[in-house]
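S.K.: Shown below is the structure under consideration.
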Amino acid sequence: MQPTTSQRVTQCFALLGYAIFSLVVIGTLLELFCWVGLSAYHGIRQALHPAAVSGPLASEPWASEFLRQESVRQNVHKTFIPFRVWGAENWHGAFVNNDESTLGIVRRTINPTSPTCTGRSTRSVWIFGGSALYGTGVPDWGTLPSYLSRALNAAGPDCVIVTNFGVEGYVTNQEIIALSEQLKAGHHPDTVIFYDGANDSGAAAYALGASPLPYFQFPEVKDRVEGSISARFDFLFKSHLLHMLMVVARSAPIAPLRVVVTPRVAAALDNYEANLGFAKALSTAYGFKMYCFWQPSLYYGHKPLVPFEQQMVNTSNPWTDYWRPAVEVGYQEAAKRAAAKPGEFVFLGGFFDSSKDPMYLDMVHLDPQGNELVANYIAEYISNHS
């Protein structure tokens, strides 16, 4: 007896439902398998390579616990901030603290605690930048702003309060907005410092045509706002299956990636200088002094490398292979522009060229000693140019 039309339709929907159910079960099992596999991989890798805390911090007794807490912090979802897209998340730990203040959530700076640090003798210093300024990889006491506070307070009778407005991943576009919001809210600093370089030039590697990204993750945010099909499935990029595939891909030999970045870098430096010009106009209007510094990097200069730093320079991976050409060209262009326009910004790309000590945690982040040396230089520069 032939099945009726309604029976055939019912069978089709039953098969479709079975297929969908099977795909969901298979996907769930794959995710579970990859999660177990990744957990085992990272556990075995950490057991075989306990020097995950490597480089300048490896000998510190607090390094292992610091690294463990940092791995947790860096997986916390970012806090959405209007216009700037994200900001520092509210976080408190034994080593890293982002404190709620009248100026918003900022990374803790070790400022003087003396009762005399109140009243008319107090000067405020705001410093803006990305993760190198925020202090990724070091405790609160080891950040550049903490050392800058110590240096500035040792240099004169006034009490100086330094506020660390650094946010991981920020470019000067976001920093200018952050500064403008604070000024509009009625907060008035005595001094504003910008400490940038790697992110602004690195954004040229992820360009839209010839223009650098206005901020990192711009394509993902744009797609979500526009409701594109790719945005509806971007959760797949966070799956354990994809992470497993990336681990496998990283274990395979990778040919160095070459990116044509010179026109993009020129546009990125034009944008950087335009942002500094806008900030300078704000400094005139609101009566604060402004200083700008281009940060050091292992991508530039002739520092005598310790073995750890040499290993970083020689190591190839998809992230550095894509990022590095833009940063290298960006630093070369920034050095030329700083020399051509003295006083616009201070180029520190080769700041450690004569230092034989380890200074870098990776290609752009400094260890506490490196942050201290840069902070001391900035404090001396401000003292000589105030």
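Quick note: the coordinates plus some simple rules give every number you see, no bench work behind them. Keep in mind that what you see is a predicted model, and the values were worked out from it rather than measured. So basically every Cβ, Gly included, is an ideal-geometry build from the backbone, and we count neighbours across all protein chains shown.
S.K.: Positive end of the charge dipole of region 62-384 (Lys, Arg +1 and Asp, Glu -1 on Cβ, about the Cα centre): tell me which of P307, N275, L373 has its Cα farthest that way.
M.R.: Of the options given, the answer is N275.
S.K.: Taking R0 as 45 Å, what's the FRET efficiency between N90 and L16 from their Cβ-Cβ distance, rounded to 0.05?
M.R.: Efficiency at R0 = 45 Å is approximately 0.45.
S.K.: Within 10 Å, count the other beta carbons around each residue, average over each peptide in 139-145, 66-72, and list them highest first.
M.R.: On the way: 139-145: 24.4, 66-72: 14.9.
In descending order of packing, they fall as 139-145, 66-72.
S.K.: Most exposed first by the Cβ proxy, i.e. fewest other Cβ within 10 Å, how do F128, F345 rank?
M.R.: F345, F128
S.K.: In addition: Residues with beta-carbon under 15 Å from that of G330, excluding G330: net charge, scoring Lys, Arg +1 and Asp, Glu -1?
M.R.: -2
S.K.: Would you mind pulling out the separation of the Cα centroids of region 117-173 and region 187-205, in Å?
M.R.: Going from one Cα centre to the other spans 13 Å.
S.K.: Sort I382, I193, I105 by Cβ crowding within 10 Å, fewest neighbours at the top.
M.R.: Ordered from fewest to most neighbouring Cβ atoms within 10 Å, I382, I193, I105 come out as I105, I382, I193.
S.K.: Still on this structure, please answer the following. Report the one residue of I127, P112, T163 whose Cα lies farthest in the direction of the positive end of the charge dipole of region 107-187 (charges on C-beta: Lys and Arg +1, Asp and Glu -1; origin at the Cα centre).
M.R.: P112
S.K.: Counting Lys and Arg as +1 and Asp and Glu as -1, each charge on the Cβ, what is the dipole of region 62-384 about the Cα centre in debye, to the nearest 20?
M.R.: 280
S.K.: Tell me, what does the Kirkwood hydrodynamic radius of region 62-384 come to in angstroms if you use every pair of distinct C-alpha atoms?
M.R.: Computed over region 62-384, the radius equals 20.8 Å.
S.K.: Tell me, how many Å apart are the Cα centres for region 338-386 and for region 93-108?
M.R.: Between the Cα centres of region 338-386 and region 93-108 lies a distance of 25 Å.
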